[in-house]
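Worksheet for the structure shown next.
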Amino acid sequence: MSPDGGRGVGTLNDDESRFQEGRRLEDKGRLDEAREIYESLIGSELSSEALNRLGVLDVYSGDVQRAEARFRQALVENRRSAPALSNLGNIYLERGEMEEAEKLYREAIEIDRDLASPHQNLAVILKRQGNVGGMAAEMKTYQRLRRRQFFARGRPGGPRGGLRSGCMPVLVVAASGLVATLWILHLA
């Protein structure tokens, strides 16, 4: 019998290990295997996180409707899931529903100020609204957070290496408002 009384879900540490294995498989492009792991975590303590990652995989496969449903379900399970809020905001941003996307990004930032992606996406909205100062501030925050994440992962050659292993992202905002990501080789 499993530690949870028979549901088939392991301990939190087991679930966390499986979730991290799913992330590693995602990074390696083994999305079907990652999907299986995330699906096995539905109903566990990490259900919200697993549903969010399944939504991301659905976006990768082009099933945006299913992704939206997954992000919403993740929020039913944990209303304070900043990644799910941010990802749902991405769905609205892609639809051109800027007001709702902005609301979701701001809520995600309020919950987790260290989550980089809503800062970047909020910058896109602020740029479209003509708020260049706000856009620049959000992009600066995004860049600072990404740099911190980059070094926290032990780059170069960190656990999430891949094509850009040993490189650090640096965002450049041109006077025209054009945003570009440059990957600068980081040598330790």
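The values are calculated or read from the model by the stated rules, or taken from the named source; none is laboratory data. All figures in this text were calculated on a predicted structure; none of them were measured in a lab. Note that each Cβ is placed from the backbone with ideal geometry, even for glycine, and that neighbours are counted across all protein chains shown.
What helices (runs of 4 or more DSSP H), lying completely within segment 51-159, carry at least 1 residues that are within 29 Å of residue 39 (Cβ to Cβ) and acidic (Asp, Glu)? Lay out the reasoning, then the answer.
Values: elements: 64-77, 82-95, 98-111, 116-128, 132-152.
So the answer is 64-77, 82-95, 98-111.
Name every residue in segment 35-47 that is surrounded by fewer than 23 Cβ atoms within 10 Å (Cβ to Cβ) and either of a type in the set (Ser, Thr, Tyr) or touching a residue at least 60 places away in the same chain (Cβ under 8 Å) (or both), in order of residue number.
40, 44, 47
Being surrounded by fewer than 19 Cβ atoms within 10 Å (Cβ to Cβ), modelled with pLDDT under 80 and over 18 Å from the mean Cα position of the chain (by Cα) narrows it down to one of 154, 134, so name that one. Give the derivation first.
Working: 134 fails: modelled with pLDDT under 80.
The match here is 154.
Restricting the search to segment 50-109, which residues are basic (Lys, Arg) and farther than 14 Å from residue 121 by Cβ? Write out each step before concluding.
Pass one, segment 50-109, residues basic (Lys, Arg): 53, 66, 70, 72, 79-80, 95, 103, 106.
53, 66, 70, 72, 79, 80, listed by residue number.
Which residues, counting only those in segment 45-66, are of a type in the set (Gly, Ala, Ser) and touching a Leu at 6+ places or on another chain (Cβ under 8 Å)? First the steps, then the outcome.
In the first step, residues of segment 45-66 are kept if they are of a type in the set (Gly, Ala, Ser); the result is 47-48, 50, 55, 61-62.
Answer for segment 45-66, where residues must be of a type in the set (Gly, Ala, Ser) and touching a Leu at 6+ places or on another chain (Cβ under 8 Å): 47, 48, 50, 61.
Any chance you could count how many residues in segment 72-86 are without any contact (Cβ under 8 Å) to a residue 24 or more places away in the chain and surrounded by 14 or more Cβ atoms within 10 Å (Cβ to Cβ)?
Going through segment 72-86 one residue at a time, the tally reaches 2.
So which of 126, 88 is among the hydrophobic types (A, V, I, L, M, F, W, C) and under 16 Å from the mean Cα position of the chain (by Cα)?
Numbers: 126 fails: under 16 Å from the mean Cα position of the chain (by Cα).
Exactly one of 126, 88 is among the hydrophobic types (A, V, I, L, M, F, W, C) and under 16 Å from the mean Cα position of the chain (by Cα), namely 88.
Restricting to segment 48-71, name every residue that is surrounded by fewer than 19 Cβ atoms within 10 Å (Cβ to Cβ) and aromatic (Phe, Trp, Tyr).
If the condition is that a residue be surrounded by fewer than 19 Cβ atoms within 10 Å (Cβ to Cβ) and aromatic (Phe, Trp, Tyr), then 60 is the only one that fits.
Quick test of your reading of the structure: residue 52 fulfils all but one of (1) out of contact with any Pro (no Cβ under 7 Å at 6 or more places or on another chain); (2) modelled with pLDDT of 95 or more. Name the failing condition by number.
Against the list (1) out of contact with any Pro (no Cβ under 7 Å at 6 or more places or on another chain); (2) modelled with pLDDT of 95 or more, residue 52 comes up short only on (1).
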